[in-house]
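S.K.: Quick one: the structure is below, questions incoming.
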Amino acid sequence: MTINASPRELLLHLQSVIGSLSCDYAEARVALNESTGIALSGEEVDSISSGDSCGGSIRIFNRGAWSFASFNDLSEIPSRAGALLRRSAMLAGTAPGIFRSKPVVAHFATRPARACGIVSFDEKFDLMRRYNGILKRPSLVQTTRSMYRDSRTFKLYCNTEGTAVSYERSFCGVSFTAIAKDGSLIQPFSESAAGFGGFELAQGREEMAERAAGMAVDLLHAEPAPGGTYDVVIDPHLAGVFIHEAFGHLSEADFIYENDRMKELMANGRRVGGESLCIIDDGSIEGLTGYIPIDDEGIVPGPAHLVKNGVLSAHLHSRETAYRMDEAPTGNARAISATSQPIVRMTNTYIENGPDSLEAMLDEAQGGLYVADALGGQTNLEMFTFSAGYGREIKNGRPGKLYRDVMLSGNTFQTLADIAMIGNDRAMFGGLGGCGKKGQSPLPVSFGGPHLLVKNVLIGGRNR
Amino acid sequence: MILKPPASLCKKCRWYDVIGTAGRSIPVFFRNNRLYSIAEKETSGVGVRVNVDGKVGFSYTGGDKGLETAMMRAIEIAPFGEYEEYSLPSASDPPAVELDAGRLEETDIAPVLSAAKEMIARILDAFPEAQVDMGISYGSGERRIQNSEGFEGIYRHSSFGAGITATIVAPDGVRLSVSEGVSSCGPVSYDAAVERLLWKLERACDVRRLAGGVLPVICTPKAFASLLGIVASGLSARSVFKGISPFAGKLGQRVFNESFTLMDDPLADGSVYSYPFDDEGVPARTKNIIDRGIVTEWISSLKYAARLGVRPSGNGSRGHSSLPEPSFSNIVVDGGDDDSNSLFATVRSGVLVDQFIGLGQSNTLTGEFKANLDLAYVIENGEITGRVKDCMLSGNLFELLAADSVFSSERIRYGAALAPFVLFPAVHFTS
């Protein structure tokens, strides 16, 4: 079997291979991918590339354990499957079972307004050169990085429950970084946008490029935020990063199901925040970067209400964790590629709107900080740190003096409990980057929320 | 794998090179103290870089469309590429380095599993409430570089790596998680890693408070290895050329304390980060990058060496699907005269750091760092008295390394870095 076979032939072949394996459950995935990348930096073309890849995997559940084999060479599928079955005999069952699902037979496809495959390289390159020109316009901008990426993937999935799915997926996006420099001061600022669709997602991003350049220059001469404990108003972008990093990962059932203490901490019914706090993960929202029509175990996703009115009410599941915790599956088993194993991942994760206005929050947070955008975030499932893109002093109910290097840190549950006000202006964010877990990165996700007022947040730095 | 492109396409190029990679590995996961999954991973691909009329294009393939299609695509997009005037290396005799312990993926898995089970049992013996996760991956592969100037290189490499994490969650939700790892090109023993892990767990059971201020801080080799990433990015010819390295224009100047010497060593036998030639076919060589505080050379690929007008350092690094970028091989930091005990003895009240969270989110181009301490200990009168948490360190790493930092004589390898303990006499600590 080669990639010249038709999708239908390939799917039939995969079905016959997994159907011949004597095991409790088997699934196969194959993906064919074509992608184009452009990276410009300052006056230079950093790299241009265009390439293709092909890969797949078979996973079986047998005697209470998973075995997995991945390959690039599709002609070897039957022999890999046989070796896999033999290896699975070495595993003694530790998993009691997996969630069984009804078969899904479907074809899904992204509907791009302008398919990336038919836009010339010339046009892609010209657009990026224009954006890069905007980025490097301010004289204090030392260098830039403007990246374009599109990828067109044909995915096939089938399992021994009778599910057979194909998905023509098209992903496109841009990211902009401006690095400003003055003497020994160096200040980067980045912006990114991406999603499922065509070339239209890369177009019309001039303002985004202008903002990246402008912010890098403005922040260059801002002071670092003084360290200490503050009441902070968090913007929708950083609220989204917080809820993804600090809370979303805690809700992933593979961190919970075998750990009694985690089970207690994350038990449904436990109050973690005020009445207005609602947190949702939903892979079914088309148009967002974390959209999946079906997960990589053949489960159709839907909204999971992780926190409802301040109370824990759901977890994110794979087939295995749903079975073990006796909860409904959520369609959150995702793999970064057809050659990686599905693990429990987020999709589109957000805090739902609350009752409060931004003005009311700024009034309440007198003497505190307004913190916005995110350079990154990391968590160890108890504590988190995030760096905001920038901060502003809150004075007389308005954001004032600009600060750079704002690093927030805290305990996740304490911080959820310290959310004092929730805004009504939710926005969602996703870009060319993505989420990383167990070496699978960057997985496309989106995150967001409204403005939040959080009490007593630790900001790192030289003490004020 | 065929790396010989058709002559009709070669004729269109001023030069070209082809990289082919292939590998097979067996990843094994133990989750929550038990064997969870065994997998087999196979990867392969080919990348081709072409120079047409001075401009560089690139394409890759992992499927069976093959080299010819990829090369046609690369030639097609080359007019959009950058002018790159350097030439590729010609045929050479690369230095010898031990990288290959055979096809590890074909060896018997039973002893691998039993050694892992033994280690997990040892940890559970000391900490019955711990949950141990362990990832082991072993395998081998092949790397080929071929170019239009007559270079043809191929080498096989093998690797065996293990990461062990023990986690204890206290009834109040306080989470203690300690990770250790070990890797080599042949089968490894976990003994030393597990001993370090137990040492760190034992000392972290009591949580103590420490007031914020400016304190002496000791980094374990593991913590120091993660900080070294910040130094490494400033020593790349790429960031020097882009004008964003604070060391640009300081070649031959003293930038750090005399006690600090940092080497790039691609010829370290047995390391999975070693190679006989880099991913552009440049023969590997061991060299000081910082010699007693003085910056002596940049880490470069052919492109950025040419841009800066320096001798290529042999650090062009890539997979089959990307263009080469300058990257360290093995980072080796010289040890000091005294062992870590004598470093501890000088600290009346301070912090020992082992794991950061959020390092690298700050503006690290300038050496600035701010990070929460995932695993750190209070040092009182030279002794570790407990764990300190919910606190942050901040400072400028370049300033710390330029001041009176002290290095221990013993060193431990973490990933690509062989690093000592380091004592920084004064660092900002927020709690």
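S.K.: Mind checking which pairs have a first residue in the stretch B:230-250 that is away from chain A (no Cβ under 12 Å) and a second that is among the small types (Gly, Ala, Ser) and in a loop (DSSP other than H, G, I, E, B), Cβ under 7 Å, 6 or more apart or different chains?
M.R.: Cβ pairs passing all conditions: B:ILE230/B:GLY367; B:ALA237/B:SER300.
S.K.: For residues in the stretch A:64-73 being free of Cβ contacts under 8 Å to residues at least 40 places away in the same chain and out of contact with any Lys or Arg (no Cβ under 6 Å at 6 or more places or on another chain), which is nearest to B:LEU35 (Cα to Cα)?
M.R.: Checking each candidate, the answer is A:ALA65.
A quick yes/no check of all residues on (1) in contact with a His (Cβ under 7 Å, 6 or more places away or on another chain); (2) crowded, with 24+ Cβ neighbours inside 10 Å; (3) of a type in the set (Ser, Thr, Tyr):
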| residue | (1), (2), (3) |
| --- | --- |
| A:GLY298 | no, yes, no |
| A:GLY302 | no, no, no |
| A:GLY310 | no, no, no |
| A:SER313 | yes, no, yes |
| A:LEU316 | no, yes, no |
| A:TYR323 | no, no, yes |
| A:ALA328 | no, no, no |
| A:GLY331 | no, yes, no |
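S.K.: Next up: Could you identify the single residue in B:ILE123, B:ILE109 that is more than 24 Å from the chain's Cα centre (by Cα) and modelled with pLDDT of 95 or more?
M.R.: B:ILE123
S.K.: Anything in the stretch B:352-376 that is crowded, with 24+ Cβ neighbours inside 10 Å, assigned to a strand (DSSP E or B) and of a type outside the set (D, E, K, R)? List them, or say none.
M.R.: Result: B:LEU352, B:VAL353, B:PHE356, B:PHE369, B:ALA371, B:ASN372, B:LEU373, B:LEU375, B:ALA376.
S.K.: If you scan the stretch B:1-36, which residues turn out to be within 11 Å of chain A (Cβ to nearest Cβ), out of contact with any Gly (no Cβ under 8 Å at 6 or more places or on another chain) and farther than 30 Å from B:ALA166 by Cβ?
M.R.: Matches in the stretch B:1-36: none.
S.K.: Is the stretch A:6-26 home to any residue that is in a helix (DSSP H, G or I), modelled with pLDDT under 95 and within 14 Å of chain B (Cβ to nearest Cβ)?
M.R.: yes
Residues checked against (1) of a type in the set (S, T, N, Q); (2) within 14 Å of chain A (Cβ to nearest Cβ):
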residue	(1), (2)
B:SER329	yes, no
B:LEU343	no, no
B:VAL347	no, no
B:GLY367	no, yes
B:ALA371	no, yes
B:TYR377	no, no
B:GLY382	no, no
B:ASP390	no, yes
B:ASN396	yes, yes
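S.K.: Next question. Select from the stretch A:246-293 the residues that are more than 14 Å from chain B (Cβ to nearest Cβ), part of a strand (DSSP E or B) and either crowded, with 22+ Cβ neighbours inside 10 Å or of a type in the set (Ser, Thr, Tyr) (or both) and list them in ascending order.
M.R.: Within the stretch A:246-293, A:ILE279, A:ASP281 qualify.
S.K.: Filter the stretch A:95-124 for residues that are more than 14 Å from chain B (Cβ to nearest Cβ), under 25 Å from A:ASN33 (Cβ atoms) and under 26 Å from the mean Cα position of the chain (by Cα) and give the result.
M.R.: Correct list: A:VAL104, A:ALA106, A:HIS107, A:PHE108, A:ALA109, A:THR110, A:ARG111, A:PRO112, A:ALA113, A:ARG114, A:ALA115, A:CYS116.
S.K.: A:PHE189 fails exactly one of the following numbered conditions: (1) at positive phi; (2) assigned to a strand (DSSP E or B). What is the number of that condition?
M.R.: Only one criterion is unmet by A:PHE189, namely (1).
S.K.: Determine whether the stretch A:255-266 contains at least one residue that is of a type outside the set (A, V, I, L, M) and at pLDDT 95 or above.
M.R.: no
S.K.: Which one of the conditions (1) at pLDDT below 95; (2) under 30 Å from B:ILE26 (Cβ atoms) does B:VAL97 fail to meet, given that it meets all the rest?
M.R.: For B:VAL97, the exception is condition (1).
S.K.: Would you pick out the residues in the stretch A:362-392 that are of a type in the set (A, V, I, L, M) and touching a helix residue (DSSP H, G or I) at 6+ places or on another chain (Cβ under 8 Å)?
M.R.: Residues satisfying the conditions are A:VAL371, A:ALA372, A:ALA374, A:LEU381, A:MET383, A:ALA388.
S.K.: Further question: Between a first residue in the stretch A:278-301 that is within 23 Å of A:ASN159 (Cα to Cα) and a second residue that is acidic (Asp, Glu), which pairs have beta carbons less than 8 Å apart while being 6 or more apart in sequence or on different chains?
M.R.: As it stands, the answer is A:GLY283/A:ASP295; A:GLU297/A:GLU27; A:GLY298/A:GLU27; A:GLY298/A:GLU161; A:PRO301/A:ASP282; A:PRO301/A:ASP295, since those pairs meet every condition given.
S.K.: If the Cβ limit is 9 Å and pairs must be 6+ apart or interchain, which residue in the stretch A:34-54 that is at positive phi pairs with which residue that is outside any strand (DSSP E or B) and at pLDDT 95 or above?
M.R.: Within 9 Å, the pairs are A:GLY42/A:ASN132; A:GLY42/A:LYS136.
S.K.: Related question: Return the total of residues in the stretch B:200-225 being buried (at least 22 other Cβ atoms within 10 Å of the Cβ) and not aliphatic (A, V, I, L, M).
M.R.: 6
S.K.: Out of B:GLU325, B:GLU410, I need the residue that is at pLDDT 95 or above and within 14 Å of chain A (Cβ to nearest Cβ). Which one?
M.R.: On inspection, the qualifying residue turns out to be B:GLU325.
S.K.: Being within 14 Å of another protein chain (Cβ to nearest Cβ), within 21 Å of B:ASP390 (Cα to Cα) and aliphatic (A, V, I, L, M), is that true of even one residue in the stretch A:447-458?
M.R.: yes
S.K.: Continuing with this model, one more query. How many residues are buried (at least 21 other Cβ atoms within 10 Å of the Cβ), free of Cβ contacts under 8 Å to residues at least 60 places away in the same chain and in a loop (DSSP other than H, G, I, E, B) when one looks only at the stretch B:167-199?
M.R.: Within the stretch B:167-199, residues that are buried (at least 21 other Cβ atoms within 10 Å of the Cβ), free of Cβ contacts under 8 Å to residues at least 60 places away in the same chain and in a loop (DSSP other than H, G, I, E, B) number 0.
S.K.: Touching a residue at least 24 places away in the same chain (Cβ under 8 Å), in contact with a strand residue (DSSP E or B) (Cβ under 7 Å, 6 or more places away or on another chain) and at positive phi: which single residue out of B:GLY81, B:GLY54 fits that description?
M.R.: B:GLY54
S.K.: Right, another one. What are the residues in the stretch B:37-79 that are polar (S, T, N, Q), surrounded by fewer than 23 Cβ atoms within 10 Å (Cβ to Cβ) and at the interface with chain A (Cβ under 7 Å from one of its Cβ atoms), if any?
M.R.: Within the stretch B:37-79, B:SER37, B:THR43, B:SER44 meet the criteria.
S.K.: Still on this structure, I have one more. Within the stretch A:125-155, which residues are within 14 Å of another protein chain (Cβ to nearest Cβ), within 25 Å of the chain's Cα centre (by Cα) and either farther than 12 Å from A:ALA209 by Cα or among the β-branched types (Val, Ile, Thr) (or both)?
M.R.: A:THR144, A:TYR148, A:ARG149, A:ASP150, A:SER151, A:ARG152, A:THR153, A:PHE154
S.K.: Shifting gears a bit: I need a count of the residues in the stretch A:405-464 that are of a type in the set (Gly, Ala, Ser) and outside any strand (DSSP E or B).
M.R.: Total meeting the criteria: 8.
S.K.: Further, regarding this structure: I'd like to verify a number: residues in the stretch A:54-73 that are more than 7 Å from chain B (Cβ to nearest Cβ), part of a strand (DSSP E or B) and either of a type in the set (D, E, K, R) or in contact with a Leu (Cβ under 9 Å, 6 or more places away or on another chain) (or both), how many?
M.R.: Number of matching residues: 5.
S.K.: Output yes when any residue across the stretch A:28-40 is in contact with a strand residue (DSSP E or B) (Cβ under 9 Å, 6 or more places away or on another chain), more than 13 Å from every other protein chain (Cβ to nearest Cβ) and at pLDDT 95 or above, and no when none is.
M.R.: yes
S.K.: Could you go through the stretch A:385-395 and let me know if any residue there is within 14 Å of chain B (Cβ to nearest Cβ), charged (D, E, K, R) and more than 23 Å from A:ARG205 (Cα to Cα).
M.R.: no
The values are calculated or read from the model by the stated rules, or taken from the named source; none is laboratory data. Everything numeric here is computed off the predicted structure, so don't read it as measured data. When we count neighbours, we look across all protein chains shown, and the Cβ atoms used for this are built from the backbone with ideal geometry, even at glycine.
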